Amino acid sequence: MTTATAPTTATTDTAPGATTTLAARRVAELGARARHCGLYDRLGAPLYQDLATYDDPETRALLSGVRTAPGPVLDLAAGAGRFTLPLLAGGREVTALDLSADMLDLLRAALDRAPASMRSRCTVVQGDMSAFALGRRFPHILLGTTSLSLLDADGRAGLYRSVLDHLADGGRFRLTALERGDDDGPDETAVRVTGAGGTAYELYEHWPAGADSRSVTLLPADPPADDSPVTVCTDRVAVIGLDVLEAELAAAGLTVLTRELLTPPGERHRVTLLTTEATR
Ligand SMILES: C[S@@+](CC[C@H](N)C(=O)[O-])C[C@H]1O[C@@H](n2cnc3c(N)ncnc32)[C@H](O)[C@@H]1O
């Protein structure tokens, strides 16, 4: 999703007892019209999908990593298929695993529209990336979109165990991680973004420097001027420093082979691609 577009920044009112974020104020304005949901459920998934990007540095880096060796790919937290679909289009066999039935419904709908030869190479699995057992191994396992941040420490430990159980000899586990790249940026940003379907959205992110979590709020920018419900998606996710992540990977038995910065230096969202293998 396009969380890294140039922000229209704003400071927040941190007076005790005050409404502390721009997002909270916007939602308060909507009052009873606000229909709250997560980013990946029945109401939120279509908005998330509308904002998905396909030609971006992360997608390109993950796909070019996969191109270094043949074989099937396990796409973890695959969602509606931002990586799965181009991998299939490139001729790969892909297992797409995600927890959300609503996100997987969007993937299945995209597969239904795709050529039969692509569809036949895709296995869709509803499952938890922190505890899965597919009974086979893969030369490539991906966890993109910095989705590692959706797991707590126990979940991440389970993820590393499950990944090791599914990594073929010499296989690679590639994952992306998100850190704050601007030390003096504002606590909260608000951007207006337009989805593929032409709908404009307001996207708020509250992420004080040094915080161990950040929250994202997404809602349509121009709801009708009546009393109809307005979908408001919110999500709070963990922030895991690269040093902590690398220590966890090493302790779990995964060696980091390369680190690739995917965003320009100083940008608020600093995304790093780690390529790992099972420690020999
Ligand atoms: C940021 S989205 C990424 C989706 C897709 N990779 C993309 O780039 O559009 C995160 C995805 O993780 C999924 N997810 C959240 N927790 C999960 C879990 N424990 N196991 C598997 N998937 C999970 C969500 O349903 C959502 O589809």
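Brief remarks follow.
- Residues that are of a type in the set (Lys, Arg) and within 12 Å of the ligand (Cβ to nearest atom), drawn from the stretch 34-49: Arg42
- The stretch 203-218 residues that are more than 20 Å from Gly38 (Cα to Cα), paired with ones that are open to solvent by less than 20 Å² (accessible area, probe 1.4 Å) (beta carbon under 6 Å, 6 or more apart): none
- Options Leu97, Leu76, Leu148, Leu62; residue that is within 21 Å of Leu262 (Cβ to Cβ) and within 9 Å of the ligand (Cβ to nearest atom): Leu76
- Summed over the stretch 262-280, the residues that are aliphatic (A, V, I, L, M) and exposed (fewer than 15 other Cβ atoms within 10 Å of the Cβ) give a count of 0.
- Residue list for the stretch 79-94, restricted to those being within 12 Å of the ligand (Cβ to nearest atom) and of a type outside the set (Val, Ile, Thr): Gly79, Ala80, Gly81, Arg82, Phe83, Leu85, Pro86, Leu87
- Among the candidates Glu277, Glu248, Glu202, residue that is under 27 Å from Gly155 (Cα atoms) and in a strand (DSSP E or B): Glu277
- Residue ID - farthest from the ligand (Cβ to nearest atom), chosen from residues in the stretch 100-115 that are open to solvent by 60 Å² or more (accessible area, probe 1.4 Å) and farther than 30 Å from Ala153 by Cα: Pro115
The values are calculated or read from the model by the stated rules, or taken from the named source; none is laboratory data. Computed from a predicted structure; not experimentally measured. Glycine gets a Cβ as well: all are built from the backbone with ideal geometry, and neighbour counts include every protein chain shown. All accessible areas refer to the heavy atoms of the entire protein, side chains included, with ligands and DNA or RNA removed. Shrake-Rupley method; radii C 1.70, N 1.55, O 1.52, S 1.80 Å.
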